[in-house]
Amino acid sequence: MQTLRQFAHSSSPAKNVLLLLAFSLTLHGMALAQPDKDSDGDGLSDFAEAHKYFTNPALPDSDGDGRQDSLPEERREYSYSIRTVIRVMKPYDLIAMNDDYQDARLLRETPECGEIEVIHYPLNSAASAISSNANWQNEYATMQVWLRPGMTTNWTPELRTKLTSELRTAGIDPGQLSDRELAQKVSRWLLDTTRSPGYMFTTYFMDFSEGKPALLSGCEKAYEREKGKMGWSFEQQLEHEIFGAGMFANKTRGTCTSSAIYWTTVFRALGLPARQVLCIPAVDTNDPAQLSMVKQGVSHDGVRRTMIRGMEKLRGFVAHTFNEVFVGGRWVRLNYSKLGQNILDEKAYGLLTHTLTFNDLSEAKLAPTWGRRYALGQRSADLPTSNPFTALELSDQFGAHAQIPNPPVAPEADHKLLTIQRIIWAESEQRPAWLSLNSIQKGTTVSAIALLRPVEHFDDQDYRQYRRFLNATDPAFILKDAGGAEIHARLTGGFYTTSTECEIALAISKEDRSRMKPGVKFTLAPKNGIAGAPAWAVKDGVSLSMPAP
């Protein structure tokens with residue numbers, strides 16, 4: 001007899017409908033959402049056929065070749081799709097990974113990771129199908145799994161009363177809105193009424209095994225590094241970043257995981273089912289070879305450009321947690337205030353891969369794996385960079401019956417030479433007013449910043465032209481005084497732009513900085529040690545010196 005997980009990995013034509021039904025009835029012992037309608041009985045919902053696969057919902061075999069549409073290879077015949085094989089650290093949820101935007105199948109599993117085939121459907125029309133329900137308050141009341149408070153989504157009746165009052169003061173009356181209107185208006189209100197008091201990211205370090213948040217053993221140094229500069233106690237940190245009720249009371253939130261907790265708390269308090277989804281880029285953007293996989297493996301010009309534009313700016317640990325809300329009788333993605341977030345989006349990692357859906361952060365079990373790895377800077381042969389995932393394969397396919405236009409896209413123009421105009425200490429009063437010291441020094445040891453004035457400027461590309469240049473060039477620089485003493489500096493990859501200027505961050509070690517005597521000028525020079533790569537230039541006389549004590 002197949003287990004539910006084994007059945008999720010099978011290719012039975014009836015799998016989708018039966019699995020959804022079994023999942024709905026067994027996950028928490030009560031009914032959740034009703035299974036999607038399947039008019040032709042082929043195992044694919046009408047919604048998926050109309051908006052994901054573009055097969056005929058009225059025919060079990062759209063092309064009449066004797067093979068049902070539900071077979072994996074048949075699903076791709078009327079659509080454009082991208083196939084990836086990823087290796088991702090646990091936890092992941094194979095059932096949840098089969099959604100409105102992708103199909104997933106486990107290929108191999110180790111104690112640490114799974115290797116999963118993911119078929120993405122980036123040109124889907126799911127967002128166009130979002131409907132609304134005016135009677136949502138009555139019809140969704142039975143979905144208590146996604147409504148009742150959780151350990152972190154800890155709303156109370158008192159919170160609900162105060163929330164409703166604040167919304168009405170802002171001209172938002174939940175009782176008079178459809179579910180779609182509620183999701184759109186309240187998410188916008190949440191963005192407008194909360195603040196981020198500076199960078200803080202401690203959500204992945206929280207251990208909930210004892211029934212309340214505690215700092216996961218081994219993550220103490222990382223917690224101190226990532227908790228921000230507000231000086232809060234552990235309990236205060238929880239109330240500002242981890243507990244939804246505390247975030248509502250303080251009108252604060254942290255990074256995306258914290259914000260998703262807050263959004264879930266508020267929507268559940270209002271009676272709208274909500275949950276959280278974890279997504280990653282389709283490839284590990286720390287590895288240039290994987291970006292090359294995108295450039296070589298994606299033949300749809302527009303899709304490739306969107307993916308590259310979304311990915312080329314990403315460095316370090318990258319993952320995004322946001323929400324799904326139940327709107328129009330379906331789960332719909334809500335990314336901050338964007339209802340119907342697609343997987344293909346330049347502003348959302350280029351191409352998203354969904355790996356996990358969870359009710360409450362306390363149930364996600366991210367801290368022992370993803371959190372510990374991030375906290376300790378762990379690497380392995382299977383996962384060699386700071387990301388707990390990597391892509392092993394990537395290719396795309398225009399289905400045999402697909403009617404997908406592929407107009408050519410002009411290649412991006414790239415800089416060949418950029419000139420640095422000045423260099424200053426990061427804490428200098430000469431630092432531009434728009435650039436905060438906290439944003440420069442977040443998660444690194446930045447000592448200096450350089451003001452970059454390019455010899456050429458491509459106005460239609462903004463930051464992307466700089467990111468590609470930084471990715472391609474030698475990050476090493478030398479600071480040399482008149483006596484020949486050398487100080488090593490290195491670009492961190494951090495850069496900060498406005499419409500007229502770009503600041504780039506340089507790291508100088510504390511030891512080297514201590515060797516620089518006040519008033520002694522150190523002239524900046526690039527190494528430019530990568531043959532054939534774009535190069536740096538430095539304006540004559542650009543130098544750095546320690547200020548007088």
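Within the option set T164, T152, being touching a Gly at 6+ places or on another chain (Cβ under 7 Å) and surrounded by 13 or more Cβ atoms within 10 Å (Cβ to Cβ) holds for one residue only, T152.
Taking each residue of the stretch 55-69 that is not assigned by TED's automatic domain parsing to the domain that holds D42 and surrounded by 10 or more Cβ atoms within 10 Å (Cβ to Cβ) and looking for partners that are assigned to a loop (DSSP other than H, G, I, E, B) and of a type in the set (D, E) with beta-carbon atoms closer than 9 Å, six or more apart or interchain, yields nothing. Condition check for A289 on (1) modelled with pLDDT under 95; (2) crowded, with 20+ Cβ neighbours inside 10 Å: one failure, at (2).
When the stretch 268-293 is filtered for residues that are under 19 Å from the mean Cα position of the chain (by Cα) and farther than 13 Å from E312 by Cα, the ones remaining, listed by number, are A274, R275, Q276, V277, L278, C279, I280. Selection within the stretch 122-148: residues that are part of a loop (DSSP other than H, G, I, E, B) and within 25 Å of the chain's Cα centre (by Cα). The member of this set that is nearest to F358 (Cα to Cα) is L147. Checked against the criteria, R305 counts as over 26 Å from L383 (Cβ atoms), part of a helix (DSSP H, G or I) and charged (D, E, K, R). Candidates R87, R108: the one that is basic (K, R), farther than 22 Å from I130 by Cα, without any contact (Cβ under 8 Å) to a residue 40 or more places away in the chain and not in a loop (DSSP other than H, G, I, E, B) is R108. Per this entry, E115 is not counted among residues that are of a type in the set (D, E, K, R), outside any loop (DSSP other than H, G, I, E, B), surrounded by fewer than 21 Cβ atoms within 10 Å (Cβ to Cβ) and at pLDDT below 95.
Criterion applied to L163, L191 was being under 25 Å from F317 (Cβ atoms) and in a helix (DSSP H, G or I), and the one residue passing it is L191.
Which of the residues belonging to the stretch 274-292 are assigned to a helix (DSSP H, G or I), among the hydrophobic types (A, V, I, L, M, F, W, C) and in contact with an Asp or Glu (Cβ under 8 Å, 6 or more places away or on another chain)?
Within the stretch 274-292, just L291 meets the criteria.
Exactly one residue among E210, E241, E220, E235 is at pLDDT 95 or above and either in contact with an Asp or Glu (Cβ under 6 Å, 6 or more places away or on another chain) or more than 23 Å from E158 (Cβ to Cβ) (or both), and that residue is E220. Considering the stretch 209-220, the residues that are surrounded by fewer than 20 Cβ atoms within 10 Å (Cβ to Cβ) and in contact (Cβ under 8 Å) with a residue 40 or more places away in the chain include one that is nearest to F243 (Cα to Cα), namely K212. Evaluation of I487 against the conditions (1) part of a strand (DSSP E or B); (2) free of Cβ contacts under 8 Å to residues at least 24 places away in the same chain shows that the sole unmet condition is (2). Restrict the check to the stretch 327-340 and report whether at least one residue is in contact with a Pro (Cβ under 6 Å, 6 or more places away or on another chain) and either modelled with pLDDT of 95 or more or surrounded by 23 or more Cβ atoms within 10 Å (Cβ to Cβ) (or both). No; the residues of the stretch 327-340 include none that is in contact with a Pro (Cβ under 6 Å, 6 or more places away or on another chain) and either modelled with pLDDT of 95 or more or surrounded by 23 or more Cβ atoms within 10 Å (Cβ to Cβ) (or both).
Filter the stretch 502-524 down to the residues that are touching a residue at least 12 places away in the same chain (Cβ under 8 Å), acidic (D, E) and out of contact with any Gly (no Cβ under 9 Å at 6 or more places or on another chain) and list them by number.
D512
Among the candidates R468, R464, R515, R431, which residue alone is surrounded by 13 or more Cβ atoms within 10 Å (Cβ to Cβ) and at pLDDT 85 or above? The unique qualifying residue is R515.
With respect to T194, is the statement that it is of a type in the set (S, T, N, Q) and closer than 30 Å to S132 by Cβ true?
yes
In the list S178, S196, S187, which residue meets the criterion of being closer than 21 Å to N359 by Cα and either modelled with pLDDT under 95 or surrounded by 13 or more Cβ atoms within 10 Å (Cβ to Cβ) (or both)?
S187
With respect to the conditions (1) small (G, A, S); (2) closer than 22 Å to T202 by Cα; (3) within 15 Å of the chain's Cα centre (by Cα), G371 falls short on a single one, namely (3).
The values are calculated or read from the model by the stated rules, or taken from the named source; none is laboratory data. Since this is a predicted model, take the numbers as computed values, not measurements. Don't worry about glycine lacking a Cβ; one is built from the backbone with ideal geometry, like all the others, and counts go over all protein chains shown.
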